[in-house]
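J.: Here it is, the structure, as structure tokens.
The values are calculated or read from the model by the stated rules, or taken from the named source; none is laboratory data. Everything numeric here is computed off the predicted structure, so don't read it as measured data. Cβ atoms come from the backbone with ideal geometry, glycine included; neighbour counts cover every protein chain shown.
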Amino acid sequence: MTSPKPVPPAWRSASPVPAGASAAKAGATPRILPAALPDLPAELRRPLPLHDARRYGRLDDQDQPRRAQTEDELDTLQYGVWDDRVYDCRNGQDASPLPVSGLEQFAPDNPVRVFVADRGFLVFDPAASLVDAFRQYMQRAVDESCGKCAPCRIGTRKLLDELEALQRGKLTDRSLPTILELASLVAESSLCGLGRTCTLALAAAIRHFPEVFAAEARSGAVPAAQPGMVYVTAPCIEACPAKLDVPRYIDHIRAGNPAYALGVILDKYPLAATCGRVCVRFCEQACRRRLVDGAVGIKMLKRFAADRGYQAGQSLFDKSRIRTPALAQKKRVAVVGAGGAGITCAYQLLRKGIDVDVLEMQDKAGGMASVGIPSYRLPKDVLRAESEDAIQRLGGRLCYGRRLGQDYSVSDLFSQGYDAVFLGYGARQGSLLGIAGEDPSADGYYSGINFLRAVHDQVEYHIPFELKGEVVVVGAGNVAMDCVRSAVRLGASKVHLVYRRTRDDMPADHEEIEAAEKEGVVFHCLNNPSRLICENGRVTGVEVVEMRQTGTDSRGRSQIESIPGSERVVACDYLIAAIGQQVDRGTLSPDDGITINRYGCIEADPDTLETSRTGVFAGGDCVLGPLTLIHAMGQGAKAAHSIVQYLSQGHVTVQPRQRMQRLLASNRLLATGSLNRPLARKNRFTLPELDVAERVGNFSEVEQVITQAEAYFEADRCLRCYRIYSVITGAPLEDAVPTAECA
């Protein structure tokens, strides 16, 4: 048998670092001397720039410090490189705490052996194969490369070939220098975020620990594939509560295929055109393009894909496309509530061939979006097509006028033969201001949600509702903005918005705030209502007190205090309290066996959405409190995943993707920093709108459709900031949820 080739002299390690010294400390000699790389170009002899401060999402010094690792955790790290710092604990050289925590166990009784990311790699088990860990990582880079630039398309493929050669024991004098040279070329020449980051950890590993690769190749004992997972994501994906693959659907729009883009969206939820109109855009807040010239218009592109691909979308809402159900035995699920959470949960279950009945207290689907979002933002035919029509076309049943806690109980549903129940009944009750003289029965007093229901009935059913006089809306969220803008359209002579903090502290979407200002709403910031004034049972005004800033709180909002003697009265004929909603505490009874918290919300496991009662899952506003439509949709999809596992196995486990997402979030591995390359400015496209004069007297949709050319222009601004994260574990990770076979 041929003896393995010796390690090439050019790749011998430098002298070991003395025990107790850190190889990464300032002024320390690098572990691999540049002089030991005579075959490499001069630019490769310098340390490959992994991540300097604020690069690729590294946290700034002023960000919150990370938890220091315990002594036991330090003992598990063997070696690695993170943020261009070398760690080597194999001989006790380095005992510095890592900037990453939570890597002791990826799953119960399943330790992390190797973790690879764009910012570096960490090895916790010296017996793990580093060659195979990077082979799996690079295989995913090859699979994810869009192919539009040669460095990424060809370079990642060549790197994979080189790693596979090492795995087969083929080591030459040029193997490791070639890998390092290719890794640098791909990182510095690729056009998108994936190509510019997917080789950084490999380059660091080759530069600082070449002997590990050489020893593995010589041994001929590199495993074919170690257990673990490779996870691809981006800042915009992780910011989205539904984890929608934003760069993927933008790629399809850029390629001129809006129907394909819609397919990516519909894989997560059916409310594509709805979300493209009313989403609060967490993805855009995380978009790295905003560091240059403004975030990509992700929401407008979603709407474009949904509107253009509408016919294709309708064809996907078809039960006949499900050839083989996910479950061998027929199962029935009751979904309580036809809002964002319930519709998305039902949609995902129906796609897997499971029978679903949706029980809704209203006479239509859509939840609060159907009555609480005005038509100038969300035409009701759009919502109807993606909720009621979609569920019925997929074979689901919608049962209207059925109220939980009044017409049936959770126990009744199980008695009727349902195998699982999802609770998504939302938070439908308005909140009081809690001020002196407040009388909800006074003529002219409305909660925000009751006011918007009256607006809906006027627009959709022509039930008379006209505002004569001045209106004061208290609050600064999206519901408050819907109220003030609707009041303008209903003929109010003047509309005021009262908010106790500053304009910058307003939680509403900034586009909604700007639209309200354009439409003539008067903002009274740093004013807090203190007393409602009524005469003869009718609202006549509200007393407010001026506030002043005293600092900022832990959430970055202004800390405020009242200014003594600054009280004044704002005369008005209507007072609308738009400060949030509550869950109806009468929906559940103790006999249902479901634990609720002190706010009236259901307690559910955040990873699986299981409640305290077996077979009952819950999500959306009834769990989270009043949040957003996209939060509810994300929870509905997560619950459907858990329900399928429960129906197939009788129990629910946390899925590997969720564990990786938690790891990324807790360590802020995708925190937005500065870009590492120059980019020409390409300003965001401005979405066309109806002129203010055209829109204030009616409820016509304000935002207009963009053209194919405009969509391409905006999509081309996307930087494809994909990042790859890989973990090698001690035992296989299984996502044990069965899938359906669809046409």
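J.: I want to confirm something. Restricting to the stretch 185-213 and keeping residues that are small (Gly, Ala, Ser) and at pLDDT below 95, which single residue is farthest from Asp716 (Cα to Cα)? Steps first, please.
T.: Within the stretch 185-213, the first condition is being small (Gly, Ala, Ser), and the residues that meet it are 187, 189-190, 193, 195, 201, 203-205.
From the residues that got through so far, the ones that are at pLDDT below 95 too are 187, 189-190, 193, 195.
Values: Ala187: 21, Ser189: 18, Ser190: 16, Gly193: 14, Gly195: 17 Å.
Looking at the filtered set, the residue picked out is Ala187.
J.: Can you find even one residue in the stretch 406-415 that is at pLDDT below 95, assigned to a helix (DSSP H, G or I) and in the same structural domain as Ser612 (by TED's automatic domain parsing)?
T.: No, the stretch 406-415 contains no residue that is at pLDDT below 95, assigned to a helix (DSSP H, G or I) and in the same structural domain as Ser612 (by TED's automatic domain parsing).
J.: So, in the stretch 373-410, how many residues would count as being basic (Lys, Arg) and over 27 Å from the mean Cα position of the chain (by Cα)?
T.: Of all residues in the stretch 373-410, those basic (Lys, Arg) come to 377, 380, 384, 393, 397, 402-403.
Filter again for over 27 Å from the mean Cα position of the chain (by Cα), leaving 393, 397, 402-403.
Residues that pass the stated criteria total 4.
J.: Specify the residue that is surrounded by the most Cβ atoms within 10 Å (Cβ to Cβ); the eligible residues are those in the stretch 593-618 that are touching a Lys or Arg at 6+ places or on another chain (Cβ under 7 Å) and in contact (Cβ under 8 Å) with a residue 24 or more places away in the chain.
T.: By that ranking, first place goes to Leu609.
J.: Among (1) free of Cβ contacts under 8 Å to residues at least 12 places away in the same chain; (2) closer than 25 Å to Ala731 by Cα, where does Arg153 come up short?
T.: (2) is the only condition that Arg153 fails.
Quick grid of which residues meet (1) part of a helix (DSSP H, G or I); (2) in contact with a Phe, Trp or Tyr (Cβ under 8 Å, 6 or more places away or on another chain); (3) of a type in the set (A, V, I, L, M, F, W, C); (4) over 30 Å from Gly120 (Cα atoms):
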| site | (1), (2), (3), (4) |
| --- | --- |
| Leu669 | no, yes, yes, no |
| Ala680 | no, no, yes, no |
| Leu687 | no, no, yes, yes |
| Glu694 | yes, no, no, yes |
| Gly697 | no, no, no, yes |
| Ala709 | yes, no, yes, yes |
| Glu714 | yes, yes, no, yes |
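J.: Looking at Ile373, Ile435 in this structure, which one is farther than 25 Å from Gln645 by Cβ and assigned by TED's automatic domain parsing to the domain that holds Gly475? Give the derivation first.
T.: Numbers: Ile373 fails: assigned by TED's automatic domain parsing to the domain that holds Gly475.
Criteria check complete, one pass: Ile435.
J.: A further question on this structure: Name the single residue, out of those in the stretch 690-709 being within 20 Å of Gly297 (Cβ to Cβ) and free of Cβ contacts under 8 Å to residues at least 60 places away in the same chain, that is surrounded by the most Cβ atoms within 10 Å (Cβ to Cβ). Spell out how you get there, then give the answer.
T.: At the first step, the residues of the stretch 690-709 found to be within 20 Å of Gly297 (Cβ to Cβ) are 690, 701-709.
Okay, now just the ones that are also free of Cβ contacts under 8 Å to residues at least 60 places away in the same chain, so 690, 704, 707, 709.
Values: Leu690: 15, Gln704: 9, Thr707: 10, Ala709: 8.
Filtering first and then ranking leaves Leu690.
J.: Something else: State whether the residues of the stretch 717-731 include one that is closer than 25 Å to Thr274 by Cα, part of a helix (DSSP H, G or I) and at pLDDT 85 or above.
T.: Taking the stretch 717-731 and keeping what is closer than 25 Å to Thr274 by Cα, we get 717-718, 720.
Now drop any that are not part of a helix (DSSP H, G or I), which leaves none.
No, that holds for no residue.
J.: Please count how many residues of the stretch 365-395 are among the polar types (S, T, N, Q), closer than 26 Å to Leu490 by Cβ and not in a loop (DSSP other than H, G, I, E, B).
T.: Residues in the stretch 365-395 being among the polar types (S, T, N, Q), closer than 26 Å to Leu490 by Cβ and not in a loop (DSSP other than H, G, I, E, B): 1 in total.
J.: Here's another thing I want to ask about it. Give Leu647, Leu629 a once-over and let me know the one that is buried (at least 17 other Cβ atoms within 10 Å of the Cβ) and touching a Lys or Arg at 6+ places or on another chain (Cβ under 6 Å). Can you show your working first?
T.: Details: Leu629 fails: touching a Lys or Arg at 6+ places or on another chain (Cβ under 6 Å).
After applying the criteria, what remains is Leu647.
J.: Let me ask another. Provide a single number: the residues in the stretch 428-465 that are in a loop (DSSP other than H, G, I, E, B) and more than 22 Å from Ala515 (Cβ to Cβ).
T.: 16
J.: Which one of these is part of a loop (DSSP other than H, G, I, E, B) and hydrophobic (A, V, I, L, M, F, W, C): Leu98, Leu122? Walk me through how you get there before you give the answer.
T.: On the way: Leu122 fails: part of a loop (DSSP other than H, G, I, E, B).
Among Leu98, Leu122, only Leu98 is part of a loop (DSSP other than H, G, I, E, B) and hydrophobic (A, V, I, L, M, F, W, C).
J.: A follow-up question, please. For the stretch 314-349, give me the residue count where each residue is part of a strand (DSSP E or B) and either modelled with pLDDT under 95 or hydrophobic (A, V, I, L, M, F, W, C) (or both).
T.: Restricting attention to the stretch 314-349, the residues satisfying the condition of being part of a strand (DSSP E or B) are 322-324, 332-336.
Imposing the further condition that a residue be either modelled with pLDDT under 95 or hydrophobic (A, V, I, L, M, F, W, C) (or both) reduces the set to 322-324, 333-336.
Qualifying residue count for the region: 7.
J.: Can you tell me which residue among Gly426, Gly448 is within 30 Å of Thr614 (Cα to Cα), of a type in the set (Gly, Ala, Ser) and in contact with a helix residue (DSSP H, G or I) (Cβ under 9 Å, 6 or more places away or on another chain)?
T.: Gly426
J.: If I ask for residues that are crowded, with 16+ Cβ neighbours inside 10 Å, assigned to a loop (DSSP other than H, G, I, E, B) and of a type outside the set (A, V, I, L, M), which ones from the stretch 137-190 would you list?
T.: Result: Ser145, Cys146, Cys149, Gly169, Ser190.
J.: Specify which of the listed residues (Arg657, Arg585) is surrounded by fewer than 17 Cβ atoms within 10 Å (Cβ to Cβ) and either closer than 30 Å to Ser190 by Cα or polar (S, T, N, Q) (or both). Step through it out loud before you land on a result.
T.: Values: Arg585 fails: either closer than 30 Å to Ser190 by Cα or polar (S, T, N, Q) (or both).
Going through Arg657, Arg585 in turn, just one is surrounded by fewer than 17 Cβ atoms within 10 Å (Cβ to Cβ) and either closer than 30 Å to Ser190 by Cα or polar (S, T, N, Q) (or both): Arg657.
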